[in-house]
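Each reported figure results from applying straightforward, stated rules to the coordinates on display, with no laboratory input. Because the structure is predicted, anything quoted here is derived from the model rather than measured. Note: ideal-geometry Cβ built from the backbone for every residue, glycine included; neighbour counts use all protein chains shown.
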């Protein structure tokens, strides 16, 4: 079963999505929201497989809201504005539904999402390690052994025992290799494994005995970590 939520400031749009979801046996619409604050609070306490998200809303732009999430579920954007399509796909959206959309078009998006979610599930079962290039060799690194990842100019430094290693790649590149549920970027120079965080505040956290700053662009990290600590 694919568990999903829908966020839209138009109640009629939510009603239509609810109607369409009720016709699909493998889709469960757990909740609908008319504002992003309520949705964000719910997402901090609950896991969701798929998000239907309107873009043009009065409180916050849907694209901005999605980018602010640390754990980003697969998303299908819904909007009446065609101009947002390119930006929607730039954040790796599953699909972009232009309002008003019919059931057949909605169903096509859902099947695309189903295929992608099943692929992610199969990958997560296998993803216990990654391979990186160290000097002229390819090295296997077990994810559970990573204490911290730091950007150093053109290199990144992986803090693993017994000795840290350097590899020529960007922080963004390695972030794409890591499972989002286990690692979080907290600064332009740091990615940390969630299970290695010893303590945290709004401006810094402690990982493996090392104090790490929380960047101003990642201020939402505190709320996400607070929610995870209360589960």
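Details
- Distance between the pseudo-spin-label points of residue 41 and residue 168 (7 Å out from Cα toward the beta carbon): 5.1 nm.
- Ordered from longest to shortest, the equivalent ellipsoid semi-axes for the range 129-229 are 23, 14, 12 Å, each the square root of 5 times a Cα gyration tensor eigenvalue.
- Stretching the chain fully between residue 67 and residue 137 yields a gain of 21.7 nm (0.36 nm per residue, less the alpha carbon separation).
- Extension gain for residue 130-residue 182 works out to 17.4 nm (0.36 nm per residue, less the C-alpha to C-alpha distance).
- Efficiency of FRET from Cβ geometry, residue 117 and residue 210, R₀ 22 Å, rounded to 0.05: 0.05
- Counted residue by residue at 0.36 nm each, then reduced by the alpha carbon distance between them, the extension gain from residue 198 to residue 19 reaches 59.9 nm.
- Normalised per residue, the volume of the convex hull around the Cα set of the chain (Å³): 138
- For peptides 220-226, 93-99, sequence by mean Cβ density within 10 Å, most packed first: 93-99, 220-226
- Along principal axes, Cα extents of the range 2-125, largest first, whole Å: 39, 32, 27
- Sum of -39500 (n - 2.57) over DSSP H runs of 4+, divided by residues of the chain (222 nm, nearest 500): -9500 deg cm²/dmol
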